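See structure below.
The values are calculated or read from the model by the stated rules, or taken from the named source; none is laboratory data. These numbers come from a predicted model, not from an experiment. No Cβ is skipped: glycine too gets one built from the backbone with ideal geometry, and neighbour counts run over all protein chains shown.
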Amino acid sequence: MSQSEVHVISHPLVQHKLTLMREQNRSTSSFRRLLNEISMLMAYEVTRDMPTQLIEIETPLEKMRSPVIDGKKTVFVNIMRAGAGFLDGMLNVVPGARVGHVGLYRDPKTLVAVEYYFKMPHSMHERDAIVLDPMLATGNSAVAAIDRLKEASPRSIRFVCLLAAPEGIRNLSETHPDVPIYTAAIDRGLNDHGYIMPGLGDAGDRMFGTR
Ligand code: URA
């Protein structure tokens, strides 16, 4: 059976910032700033092989042909709510990107993802979609979001998270083997409540200061 490509972004700056984010006493503002910084660094890796095309421009000295990103604008797909923290940093690096939203909540008993919102930009078939969710735990939300996203037929789909559990990688890559996964780390596994261990706790609560 084919499996997704999994890219662990081992850049020292990403790893350093992730360690700081894991610390339990880190303030909400510091956690949010680190997430913003780490997502900019991850955006750089995730977009590394984007197709480009040459266009004609004029420098102050002469005309030249120079590369720009090919095709319609990238769409970042925010899996609400924790994907929002990832989104700001990604948009700093790709400011022209469009943004789609998928609203899912995790049923606390079954851990199954339930959809309550879905909105994408037009012409999805001409766009490359980058799906954002900081935590790939069971993988149920990512699978449900990508099931739904595929109905809109984007040109390509990538999935980006900060932390992944082996269970989530297995689930996502068996269900959507065509979707590459980008993560800063693969942790040990899930606990009985579906949290990634050792993890960093509830990413949404930590970034928004809720509990
Ligand atoms: N969602 C989180 O925010 N944290 C986890 O550890 C698992 C899912």
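Things to note:
- Residue in region 106-122 that is polar (S, T, N, Q) and touching a residue at least 12 places away in the same chain (Cβ under 8 Å) present: no
- Considering Phe76, Phe31, the condition of being within 20 Å of Leu163 (Cα to Cα), touching a residue at least 60 places away in the same chain (Cβ under 8 Å) and among the aromatic types (Phe, Trp, Tyr) is satisfied by Phe31 alone.
- Scanning region 40-55 for residues that are in contact (Cβ under 8 Å) with a residue 12 or more places away in the chain and charged (D, E, K, R) turns up just one, Glu45.
- Restricting region 11-25 to residues that are without any contact (Cβ under 8 Å) to a residue 40 or more places away in the chain and not hydroxyl-bearing (Ser, Thr, Tyr), the residue that is surrounded by the most Cβ atoms within 10 Å (Cβ to Cβ): Lys17
- Here Arg26 meets the list (1) part of a loop (DSSP other than H, G, I, E, B); (2) basic (Lys, Arg); (3) touching a strand residue (DSSP E or B) at 6+ places or on another chain (Cβ under 8 Å) almost entirely, failing just condition (3).
Okay, residues lined up against (1) over 26 Å from Ser123 (Cβ atoms); (2) touching a strand residue (DSSP E or B) at 6+ places or on another chain (Cβ under 9 Å); (3) of a type outside the set (Gly, Ala, Ser):
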residue	(1), (2), (3)
Glu37	yes, no, yes
Met40	yes, no, yes
Thr47	no, yes, yes
Pro51	no, yes, yes
Glu56	no, yes, yes
Thr59	yes, yes, yes
Glu62	yes, no, yes
Lys72	no, yes, yes
Val77	no, yes, yes
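- Flag if Phe86 is buried (at least 16 other Cβ atoms within 10 Å of the Cβ) and within 16 Å of the ligand (Cβ to nearest atom): yes
- Close pairs (6 angstrom Cβ cut-off, 6 or more residues apart or separate chains): at pLDDT 95 or above in region 193-211, more than 9 Å from the ligand (Cβ to nearest atom) and β-branched (Val, Ile, Thr) anywhere: none
- As a summary of the residue check, Ala152 satisfies the conditions (1) more than 13 Å from Thr74 (Cα to Cα); (2) at pLDDT below 95 except for the one numbered (2).
- Qualifying positions in region 126-155 - out of contact with any Asp or Glu (no Cβ under 9 Å at 6 or more places or on another chain) and of a type in the set (Lys, Arg): Arg127, Lys150
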